[in-house]
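Take a look at this one; I'll ask things after.
The values are calculated or read from the model by the stated rules, or taken from the named source; none is laboratory data. None of these values were measured; they are calculated from a predicted model. Heads up, the Cβs are rebuilt from the backbone with ideal geometry, glycines too, and the neighbour counts pull from every protein chain shown. In case anyone asks, the SASA skips ligands and DNA or RNA and just uses the protein heavy atoms, side chains included. Shrake-Rupley method; radii C 1.70, N 1.55, O 1.52, S 1.80 Å.
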Amino acid sequence: MSVKVRFAPSPTGYLHVGNIRTALINWLFAKKHGGHFLLRIDDTDTERSKDEYTDAIKQDLAWLGLTWDSEEHQSTRFERYKIAAEKLREQGRLYACYETPDELDIQRKMQASRGLPPIYNRAALKLTDEQKKTYEAQGRKPHYRFTLHDEEISWEDLIRGRVAMRASTMSDPVLLREDGMPVYTLASVVDDGEFAITHVIRGEDHVSNTAVQVQLYKALGYTVPQFAHMALLKTKDGEMSKRLGGNDIRALRDAGILPMAINSLLARIGTSESVEAFTDLAPLGESFDFKKFGRAPANYDVAELEKLNEKILHQLPFSAVADKLNFTNESFWLAVRANIKNLAEVKQWWDILYGKISDDYDYTDDLEYLREAYHLLPPQPWGENTWGEWTKALSAKTGRKGKELFMPLRKALTGMEHGPEMKIVLPLINRSRAVDRIRDCLRS
């Protein structure tokens, strides 16, 4: 069987890590089996769907390397959903309902108070033609529900194993709204059937939807695809927004997180495989196997994402980041890459070395030492040996060693107590700028 999967986001907002994990797992599964990855834009909600979000979805997927083999938009397929609804109506499986949301809410509360499951009571099936006319004369428009057959609905889930549910424990699902628009349940099944989707891979919050849709696939004459329901992501409240600006992919990108850091983490969390820093999607696809997925919630930890990002950054040549760092050069990149967590920090170090630095330190106890440092500054040209020559001369002159020798110089020259090796940084600062910065310290 040729594998065909789909990723079906709604263009009502930006993609977040949960969406991307679903897209990534679908993509890896398809590539592992030489299959087809369909991008389906679920834009039936015409009021909330926006072209800017559709464009953003495509941009984010492309940035992550998750290219798609074909693209479909539900907004172009309303006629296909009408035809499917008519087929169900002819089978006697689609019926008109006139309850308002408030009436349905009261019904559920009454059932709950009597210890009954809060499912739809099928009262609309008992309406006479006269009652329907009365409702319509009142201005009520019907929504339409699909009649579930009372049976055990089961499937062999690729992650959860055998799943079985009784149809009698579920409400007949609404398939058409009052305005005639199809809901997700119907549109998704029609698309899966007509586009020959072989595997539906999504979060476990869709398990009850799947049970309903299994009957719907069969009623419409489609082959029921195989299902894989992943455990959901578990995150710390507010962690993303506080540290990296948000949990959408655009915020991560703006914070300097690399696409392969995101892919490396989301491909492996919730599985039996260890999370590693990958620079390419290929090995993630080669090792992909649903048997490795667990049932427990997958822990999404932004600190782990940052560590992966660091590991990948520290391996990258300048050519891999040059288009994102058009303000700098290769020598600078090689000097700072081992000391950054994300690309945004590169600009911070550029400003530290070439802009105005912090002057918050108290140099009272180091003034005499800095005067000696000023007088012993080596002549140009400066290279990687300059720092060693300078500090050796200073140590011989002042008797200072270790932290007392190095830290005042680092603070005076960079405004920081940590960072890249000074033997690499010093030539980038250059002698003229070093003179100015030490003088500023002596004046403070």
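From the list (1) 39; (2) 14; (3) 18, can you say which value of percent of Cα pairs over 41 Å apart was derived from the structure given?
(1)
Arrange the peptides 351-357, 67-73, 55-61 so that the one whose residues have, on average, the most other Cβ atoms within 10 Å appears first. Walk me through the numbers before you get to the answer.
Details: 351-357: 15.7, 67-73: 14.1, 55-61: 18.6.
Highest mean packing first, the order is 55-61, 351-357, 67-73.
List the aspartates and glutamates whose Cα sits under 14 Å from the Cα of Lys291, skipping any in the same chain fewer than 8 residues away.
Those aspartates and glutamates meeting the cut-off are Glu156, Asp157, Glu273.
Now a separate question. Specify which residue in the list Ile83, Asn26, Leu66 is farthest towards the positive end of the charge dipole of the stretch 1-87, using unit charges on the beta carbon of Lys, Arg (+1) and Asp, Glu (-1), about the Cα centre.
The listed residue farthest towards the positive side: Asn26.
For the stretch 19-124, just say rounded, prolate or oblate: build the C-alpha gyration tensor, square-root its eigenvalues into a ≥ b ≥ c, call rounded for a/c under 1.5, and beyond that prolate if a/b exceeds b/c, oblate if not.
Prolate is the answer for the stretch 19-124, as a/c is 1.5 or above and a/b outweighs b/c.
Oh, and also: Using Cα atoms only, what is the angle between the long axis of helix 402-414 and the major principal axis of the chain, expressed in degrees (0 to 90) to the nearest 10?
On a 0 to 90 degree scale, this one is about 70.
Based solely on its DSSP helices, what 222 nm [θ] is calculated for the chain when runs of n ≥ 4 H residues each add -39,500 (n - 2.57) and the sum is averaged over all residues, nearest 500 deg cm²/dmol? Intermediate values should be presented prior to the final figure.
On the way: 19 runs with 201 residues, N = 444.
For the chain, the value works out to -13500 deg cm²/dmol.
Right, next: Could you tell me which residue out of Gln138, Val174, Ile106 lies farthest along the dipole of the stretch 102-197 toward its positive end? Charges go on the beta carbon: Lys and Arg +1, Asp and Glu -1, centred on the Cα centre.
Ile106
If the reach is capped at under 18 angstrom between alpha carbons, list the lysines near Lys133, excluding any in the same chain fewer than eight residues apart.
Partners found: Lys141.
Whole angstrom only: what separates the Cα centroid of the stretch 364-439 from the Cα centroid of the stretch 259-305?
44 Å
Let me spell out the model: positive unit charges on the Cβ of Lys and Arg, negative unit charges on the Cβ of Asp and Glu, origin at the Cα centre of the chain. What dipole size does that give, in debye rounded to 20?
I would put it at about 600 debye.
Another question about this same structure. For the stretch 213-353, just say rounded, prolate or oblate: build the C-alpha gyration tensor, square-root its eigenvalues into a ≥ b ≥ c, call rounded for a/c under 1.5, and beyond that prolate if a/b exceeds b/c, oblate if not.
Prolate shape, in that a/c is at least 1.5 and a/b is the bigger ratio.
Which of the aspartates and glutamates could be linked to Lys311 by a straight reach, that is with a Cα gap under 14 Å, when you skip same-chain ones fewer than 8 residues away?
The reachable aspartates and glutamates, counting only those whose Cα sits under 14 Å from Lys311, are Glu276, Asp280.
So, one more: Compute the signed sum of charges (Lys and Arg +1, Asp and Glu -1) over the other residues within less than 12 Å, Cβ to Cβ, of Val183. Write down the numbers at each step before the final one.
Working: positive: Arg145, Arg177; negative: Asp42, Asp45, Glu178, Asp179.
Within the 12 Å Cβ shell, the charges total -2.
Follow-up. Rounded to the nearest 10 Å², what accessible area does Ser75 have for a 1.4 Å probe in the complete protein model?
50 Å²
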